[in-house]
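What follows is one structure encoded as structure tokens, with my remarks underneath.
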Amino acid sequence: MSISFQPSMKLTITTLEGPAIAVTAMYNPKDLDVQKAAPWTKAPSSKGDQPDLEFTAADGRSMSFELWFDTYESGGDVHAMYVANLVKMAMVMDPDGDEEKKRPPKVQVLWGTLPPFRGVIESVGTKYTMFLPTGIPVRATCTVKIKEADKLSFKKGDGGGGGGGGGGGA
């Protein structure tokens, strides 16, 4: 039995757990940057100009892109309609509840015929570039950075948010 895959015409980010949130690009990004690192460290016994290297562990891929939103013609609040949902995907699901939900949700990025990219949002940077006379923001550019992850957890005791490991999809 074959699986039929329908390409996504617009870049879409959806949560894979927690509250169901989806953000579809108004305008597709002009580019999408995917990075893969394979960290090597110098062996402790290494000497000379051509050191011995040791492979420790693989890093997951990272993805970054810019999304541009414009609600000027409709007069809608670009923050409420688009930006707020992107930011929610980078926020802790349930800070006072279950230990497994004391972290942001896992997300998935779909676009065109690229394979789904699953991970967590590392950051969302927003630049508001146009406002109505009433102060309502109507144009924004969001820079989104996502780190690939399979298994996620909340690490207690260090004040930080969490682990994450492995590569690949779930």
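Structure values in brief
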{"quantity": "Residue check for M81: under 21 Å from the mean Cα position of the chain (by Cα), among the hydrophobic types (A, V, I, L, M, F, W, C) and closer than 24 Å to P137 by Cα", "calculated": "yes"}
{"quantity": "Residue ID - surrounded by the fewest Cβ atoms within 10 Å (Cβ to Cβ), chosen from residues in region 104-137 that are in contact with a Ser or Thr (Cβ under 7 Å, 6 or more places away or on another chain) and over 25 Å from R61 (Cα atoms)", "calculated": "K127"}
{"quantity": "Hits in region 8-35 - residues which are within 15 Å of the chain's Cα centre (by Cα), outside any strand (DSSP E or B) and over 21 Å from T141 (Cβ atoms)", "calculated": "L16, E17"}
{"quantity": "Qualifying residue in region 46-60 (condition: basic (K, R) and either modelled with pLDDT under 95 or in a loop (DSSP other than H, G, I, E, B) (or both))", "calculated": "yes"}
{"quantity": "Residue that is closer than 30 Å to F131 by Cα, acidic (D, E) and surrounded by 12 or more Cβ atoms within 10 Å (Cβ to Cβ), where the choices are E73, E66, E100", "calculated": "E66"}
{"quantity": "K106, sole failed condition from (1) over 16 Å from V23 (Cβ atoms); (2) within 10 Å of the chain's Cα centre (by Cα)", "calculated": "(1)"}
{"quantity": "Listing of strands (runs of 3 or more DSSP E) fully contained in region 66-155 that carry 2 or more residues being of a type in the set (G, A, S) and at pLDDT 95 or above", "calculated": "117-131"}
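The values are calculated or read from the model by the stated rules, or taken from the named source; none is laboratory data. Please read all numbers here as calculations on a predicted model, not as lab measurements. Cβ: placed from backbone, ideal geometry, glycine included. Neighbour counts: every protein chain shown.
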